[in-house]
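Since the structure comes first, as structure tokens, the remarks are kept for the end.
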Amino acid sequence: MAAPLTLLLIVAVTIRAALYRSSLADLISERVEVVSPLTAWKRVVEGLALLDLGVSPYSGDVFHETPLIIYLFHFLVDYAEITFMLADVITAVALYLTVKEYNKQVFRKQKYALEADRYPLDCLELIRSPKEMFYIPLKVAMFYLLNPFTILSCVAKSTCGLNNAVLSLFILSTVKGNVLLSAIFLSLATYQSIYPLTLCASALLYLMQRQYIPVNFRRASFWWFIVQYAFILSVPDLTPNIGLFWYFFAEMFEHFRLFFLCVFQINVFFYTIPLSIKLKEHPVFLIFMQLAVISIFKSYPTVGDIALYMAFLPVWSHLHRCE
């Protein structure tokens with residue numbers, strides 16, 4: 001599978017490089033569906049300009065990314081295009097390795113269950129063959145790299161692509177059973193945006209089951225850190241985007257704003273509880289569901305957020321056979 005994956009990476013990088021050189025790049029970078037006040041490259045450039053002038057990027061209402069991002073691009077601003085293409089490549093390879101490892105585990109479970117005759121007869125059609133599983137990792141990488149949402153996000157140089165790379169490395173570390181790396185990458189993802197904190201439950205469930213620990217739910221800073229999370233949670237910038245927040249709060253009476261802000265923000269965190277209870281035996285599918293919930297209910301979503309969870313669709317493509 002190395003040759004098809006390498007060819008896929010070359011095609012994906014070529015498409016992005018061609019679009020970077022086209023007249024469409026400036027148009028794409030202005031689209032509200034692709035960038036948000038939190039992830040726009042223009043705001044990163046303005047933050048860098050303020051930093052070079054000796055002014056704090058957080059002193060105004062322009063830059064809302066983390067210090068790690070601004071210091072990263074302080075050194076890599078001339079190689080920004082390569083950085084974003086590399087982030088997409090890292091994400092795709094991490095997803096490829098994740099699904100490959102996950103399929104090995106699923107195949108072993110299927111084999112043991114079949115030998116023990118644990119599957120009902122009406123569920124046998126959902127059993128995946130080794131040949132079917134063989135191509136799923138490549139399909140996942142293809143779904144991510146060739147997804148128009150991913151391409152648009154990369155060409156616009158949206159920092160969402162960097163966050164996707166960190167999330168994919170977190171998922172890979174979790175599936176591999178590496179607790180330390182899983183914690184590090186989840187911390188980095190949460191550092192970028194508070195919403196990935198909800199993935200802690202699914203990672204914990206997976207790692208506990210990997211260590212054969214039974215799950216039973218009936219058992220008993222820094223100023224910039226505050227500023228960044230306050231911007232995400234309070235939603236002061238109502239620039240139109242593909243999310244639910246901007247239009248609702250643009251029409252909202254100020255008297256009710258705090259109440260509905262809490263109601264909207266709690267959605268992302270509230271769904272973690274019932275989903276974790278219902279899907280405790282399927283923590284990887286739980287991660288997929290939570291990524292979808294985050295992309296729907298986060299305050300400043302972009303198409304890049306959607307692209308990450310859409311890449312996992314081939315993993316459960318066998319379910320369409322169930323009627």
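Quick notes on this one:
- Accessible area per residue, Å², the chain with all protein chains present, probe 1.4 Å: 52 Å²
- Between residue 76 and residue 17, full extension at 0.36 nm per residue minus the direct alpha carbon distance yields a gain of 19.5 nm.
- Positive-end residue, the chain charge dipole about Cα centroid, Cβ charges, pick of 28, 9, 99: 99
- Distances between placed amide hydrogens fall under 5 Å for residue 312 paired with no residue 5 or more residues away or on another chain.
- In Hz, Karplus ³J(HN,Hα) per residue of the range 36-44 (6.51, -1.76, 1.60; θ = phi - 60°; x = Gly, Pro): 10, x, 8, 10, 5, 5, 4, 6, 5
- Taken one residue at a time, the phi angles of the range 146-159 give Karplus couplings (6.51, -1.76, 1.60, θ = phi - 60°) of 9, 5, x, 4, 5, 5, 4, 4, 5, 5, 6, 6, 6, 5 Hz. Gly and Pro are set to x.
- Length released on extending from residue 132 to residue 101, taking residue separation times 0.36 nm less the Cα-Cα span: 9.7 nm
- Added length on full extension, which subtracts the Cα-Cα distance from 0.36 nm per residue, residue 179 to residue 208: 9.4 nm
- Protection proxy ranking for 164-173, 307-316, 26-35, using the average of other Cβ atoms within 10 Å per residue and placing the highest first: 164-173, 307-316, 26-35.
- Spin-label pair residue 263-residue 53: with each label point 7 Å from Cα along the Cα-Cβ axis, the two points sit 4.1 nm from one another.
- 4 °C / 1.567 mPa s Stokes-Einstein diffusion coefficient of the chain, Kirkwood radius on C-alpha pairs, µm²/s: 61 µm²/s
- Heavy-atom surface analysis with a 1.4 Å probe gives the chain a carbon and sulfur content of 69 percent of its accessible area.
- Of 104/280; 100/157; 176/298; 139/298; 104/157; 104/298, those spanning more than 24 Å from alpha-carbon to alpha-carbon: 100/157; 176/298; 139/298; 104/157; 104/298
The values are calculated or read from the model by the stated rules, or taken from the named source; none is laboratory data. Since we're looking at a predicted model, the values are computed, not measured. Using ideal geometry, Cβ is built from the backbone for each residue, glycine included, and neighbour counts are taken over all protein chains shown. Just the protein is used for accessible areas: all its heavy atoms, side chains included, with ligands, DNA and RNA removed. Shrake-Rupley method; radii C 1.70, N 1.55, O 1.52, S 1.80 Å.
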